[in-house]
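Throughout, read-outs are computed from the coordinates displayed, never taken from laboratory work. Not measured: the values here are computed from a predicted model. Counting neighbours? That spans all protein chains shown, and the Cβs are built from the backbone with ideal geometry, glycine included.
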Amino acid sequence: MDLFAASTTIPGIDHRPGWLSWEEADALFNGLRDTVEWEVHRIRMFGRMVDSPRLSCWLGDEDAVYRYSGTIFEPRPWPTMLDSLRARLAAECGRPFNSVLANLYRDGRDAMGWHRDDEPELGDAPLIASLSLGATRRFLLKDAQGRRHAMELANGDLLSMSGDSQRRYRHALPRTAKAVGPRINLTFRNIFVHTT
Ligand SMILES: O=C(O)CCC(=O)C(=O)O
Ligand SMILES: [Fe+2]
């Protein structure tokens with residue numbers, strides 16, 4: 001009997017451990033860590049602009065411009081090392097992706113606070129495909145009643161968030177006092193591009 005089945009089955013949230021092999025995930029982690037132009041993004045927090053506690057880079061098609069936490073991000077070009085992954089994810093999820101937010105959590109002090117990925121340019125029911133590389137970190141979901149679900153996201157794990165899951169849940173990657181190595185997370189998104 002799978003005792004954890006009930007607690008891990010959340011509509012619109014699909015965790016596939018080991019979606020990438022350990023070898024593929026390690027190669028991608030090393031390649032991205034060494035070549036992405038990592039920067040500190042400024043985000044809005046309690047009405048003020050502050051440095052986010054992690055390194056980030058917005059990557060995507062030229063026209064996939066994104067407004068996030070009070071800032072407009074013009075994407076940097078897709079690195080070729082993501083070409084086949086992008087195609088594989090689109091086939092897996094049945095949807096195209098034109099951009100990816102890459103985040104590098106250098107150690108347990110780096111984190112991401114509670115938020116929803118519900119910007120208007122993602123459309124009504126966005127599908128966000130999140131790939132984890134490197135150190136295992138705890139990912140939390142919280143509903144309107146404050147009920148929490150925790151998942152350990154490990155090297156090569158894929159987590160997709162779809163349907164109305166952004167409306168029903170906030171999510172976060174909390175800090176940890178444990179000694180953890182660096183982690184890269186890629187959230188593949190499809191931004192609806194305005195042509196007018
Ligand atoms: O690092 C993670 O697993 C979460 C990242 C995230 O929520 C985001 O990029 O919007
Ligand atoms: Fe998010």
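Taking the chain as a Gaussian network, Cα atoms linked when under 10 Å apart, which of MET161, MET49, MET151 shows the biggest mean-square fluctuation?
Answer for the Gaussian network model of the chain: MET49.
Give me D for the stretch 87-196 in µm² s⁻¹, whole number, from Stokes-Einstein with Rh from the Kirkwood sum over alpha-carbon pairs, 25 °C and 0.890 mPa s.
166
Which residue fluctuates the most in the chain, going by a Gaussian network model with Cα springs under 10 Å, if the choices are TYR68, TYR105, TYR169?
TYR68
Between HIS115 and ARG168, what is 0.36 nm times their sequence separation minus the Cα-Cα distance? Round to one decimal in nm.
Full-extension gain reported as 17.9 nm.
How large is the charge dipole for the stretch 157-196, taken about the Cα centre, if only the Cβ atoms of Lys, Arg (+1) and Asp, Glu (-1) carry charge, to the nearest 20 debye?
200
Hey, how many Å between the Cα centroid of the stretch 165-196 and the Cα centroid of the stretch 109-140?
So the separation of the two Cα centres works out to 2 Å.
In percent, how large is the relative contact order of the chain, given Cα pairs closer than 8 Å and 6 or more residues apart?
Across the chain, relative contact order equals 29 percent.
When the chain is treated as a GNM, springs tying every alpha-carbon pair under 10 Å, which of SER132, SER84, SER165 comes out with the largest mean-square fluctuation?
Highest fluctuation among the options: SER84.
Charges at C-beta only: +1 for Lys and Arg, -1 for Asp and Glu. How large is the resulting dipole of the chain about its Cα centre, in Debye rounded to 20?
Once rounded to the nearest 20, the dipole reads 940 debye.
For TRP58, TRP38, what ranking results if the residue with the fewest other Cβ atoms within 10 Å of its Cβ goes first?
Fewest-to-most ranking of TRP58, TRP38: TRP38, TRP58.
For the stretch 5-189, what value does the Rg/Rh ratio take when both radii are computed over Cα atoms and Rh is the Kirkwood radius, given to two decimals?
0.92
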